[in-house]
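So the structure is just underneath, and the comments pick up after that.
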Amino acid sequence: MKRVIKINDLTFELFISREEIQSKVLSIAKEINADYAGLNPIIFITLKGAIFFACDLISKLNFLCKIDMIRAKSYGMQMQSAGKIEISELTLDIKDKHILLIEDIIDSGLTANALSNYFQSFKPSSFSIAALLSKPTARKFPVDIKYIGFEIPDKFVIGYGLDYAEYGRNLQDLYILKNN
């Protein structure tokens, strides 16, 4: 595990270790196993940045489920949301299904709010959100997050699926932007 990572002109320092992440993922999986016991069908929908979290989380569940991927883009190559959300189409029918959206990070809430409204329009039986990271002080849009891994300060983070200009997703630990 590296203590400091440089990407382009920015320096990031270790923030949350892979061991802490895995412990939290296991804890969230236990909650989901209890909450969704006996419910079928269950569909997990994940975003590109949440792929590491989703794979680790879903592998610890003890029931059958379907998985779909969706793309909701708001950052582009920037460190802040552009304020406009582009949502790709679902491939699975979610009407009358139990839906759990797996998010990597919820900061302003713009993307999660837009996705929540989008999914609710399909009339699922239930809809919940699991987020590895939440930045409550950055929230500008209301979001009901049922499963939260870590609440973090309003700082830019990379690793474990999160990126800076598409770099850093493959890091197993989470790194935070270092103040220069």
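Summary of computed values
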quantity: Extension reserve of the Asn33-Ile87 stretch, reckoned as 0.36 nm per residue once the Cα distance is removed; calculated: 16.6 nm
quantity: Shape of the range 112-152, Cα gyration tensor, a/c cut at 1.5; calculated: oblate
quantity: 10 Å Cβ shell holding at most 11 others, DSSP loop, GluC sites (Glu not before Pro): longest site-free stretch of the chain; calculated: 1-88
quantity: Distance (nanometres) between label positions extended 7 Å along Cα→Cβ at Leu61 and Leu26; calculated: 2.0
quantity: Dipole magnitude of the chain, debye to nearest 20 (Cβ charges: Lys/Arg +1, Asp/Glu -1, about Cα centre); calculated: 100
quantity: The range 1-77 shape via C-alpha gyration tensor axes, a/c threshold 1.5; calculated: oblate
quantity: Helical mean residue ellipticity (222 nm; -39500 (n - 2.57) per DSSP H run of 4+; nearest 500) of the chain; calculated: -6500 deg cm²/dmol
quantity: 13 Å beta-carbon shell around Phe122, net charge (K/R +1, D/E -1); calculated: -1
quantity: Per-selection Kirkwood Rh - the range 113-179 (Cα, Å, 1 d.p.); calculated: 13.7
quantity: Packing-based exposure ordering (other Cβ within 10 Å, fewest first) of Leu133, Leu26, Leu64; calculated: Leu64, Leu26, Leu133
quantity: Residue (of Thr11, Ser27, Leu92) at the positive-pole extreme of the range 3-146, dipole from beta-carbon charges; calculated: Thr11
quantity: Rg/Rg_ref, the chain, where Rg_ref = 2.2 N^0.38 Å and atoms are Cα; calculated: 1.01
quantity: Net +/- balance of residues flanking Leu110 in space, Cβ distance below 13 Å, scoring K and R +1, D and E -1; calculated: +2
quantity: Pairwise FRET efficiency - Leu14 versus Lys146, Cβ, R0 = 25 Å, nearest 0.05; calculated: 0.30
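Every read-out reported here was derived from the displayed coordinates using simple, explicitly stated rules and does not represent laboratory data. In this text the structure is predicted, and so the values were computed from the model without any measurement. With ideal geometry, Cβ positions are generated from the backbone for all residues, glycine too; neighbour counts draw on all protein chains shown.
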